1. What order, most packed first, do the peptides 142-150, 107-115 have when packing is the mean number of other Cβ atoms within 10 Å of each residue?
2. So how many Å³ per residue does the convex hull of the Cα atoms of the stretch 83-246 work out to?
3. Extending each Cα 7 Å along its Cβ direction at residue 220 and residue 205, get the distance between those two points in nm, one decimal.
4. Please express the shape of the stretch 7-75 as an equivalent ellipsoid: the semi-axes are the square roots of 5 times the eigenvalues of the C-alpha gyration tensor, given largest first in whole angstrom.
5. Springs between alpha-carbon pairs under 10 angstrom, Gaussian network model over the chain: which of 175, 126, 90 fluctuates most?
6. Stokes-Einstein D for the stretch 196-247 at 20 °C, 1.002 mPa s, Kirkwood Rh over Cα pairs, in µm²/s?
7. Could you tell me how many degrees, from 0 to 90 and to the nearest 10, lie between the Cα long axis of helix 104-116 and the main elongation axis, the longest principal axis, of the Cα atoms of the chain?
8. Which three extents, in whole angstrom, do the alpha-carbon atoms of the stretch 44-147 cover along their principal axes, largest first?
């Protein structure tokens with residue numbers, strides 16, 4: 001699939017997706033100047049399904065899909081799962097949550113590492129995320145089709161729900177004195193990774209049971225979020241393999 005194939009510009013096609021596969025729609029751009037009566041139906045269905053609607057000038061929509069009819073829908077490579085589906089396995093949960101990670105290259109790399117490390121699933125926010133675009137699928141090298149991905153409206157409320165299920169929540173934070181290996185990852189856990197520029201938001205940090213860091217011993221002050229993610233994920237693998245060998 002090329003970069004244009006995840007963009008729908010025909011009104012009827014968008015409405016069909018919203019009726020039949022709303023979980024595959026990442027977001028919808030609606031032309032500010034357009035007055036087509038069917039756009040109201042698109043907006044209504046999008047809001048019912050908690051899909052972000054962005055009102056933008058015509059030239060923005062033209063750049064996304066030249067032959068649009070007043071709206072452009074960005075469609076995911078696969079259908080999203082429910083958050084509840086990610087914690088229904090027998091093994092201790094191993095989830096990954098992204099807070100404001102918007103670069104498709106990074107999301108794709110994180111998906112690939114998470115799937116390779118045996119994670120149960122990935123949690124994305126509806127806004128401030130690239131979604132499951134063809135670019136993400138390409139970088140993941142097919143891993144996206146083997147990893148469940150949930151899209152949630154509010155990360156903070158989702159963290160509260162995960163904690164109610166007995167799942168610990170740890171965040172990656174470079175300034176923390178607690179190192180990445182100083183947590184018991186044999187417990188059910190969700191690892192939260194923050195945006196490329198500013199890291200975890202303050203309200204998300206406060207929700208974490210622990211903040212963990214990777215020491216930077218060279219001149220570079222931080223790792224790319226995709227590289228940092230792999231280190232955290234394989235610490236989970238290391239600890240759980242050691243535990244299983246002792247049984």
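Taken together, the values in this text are just the output of simple stated rules run on the coordinates, not laboratory data. Computed from a prediction, not measured in an experiment: that's the story for all the values here. Counting neighbours? That spans all protein chains shown, and the Cβs are built from the backbone with ideal geometry, glycine included.
1. The packing order, highest mean first, is 107-115, 142-150.
2. Enclosed volume per residue, from the Cα hull, is 115 Å³.
3. Simple spin-label model gives 2.3 nm for this pair.
4. Listed largest to smallest, the semi-axes of the stretch 7-75 are 17, 12, 11 Å.
5. Between 175, 126, 90, it is 90 that shows the largest mean-square fluctuation.
6. 160
7. Its long axis makes an angle of about 50 degrees.
8. 49, 29, 21
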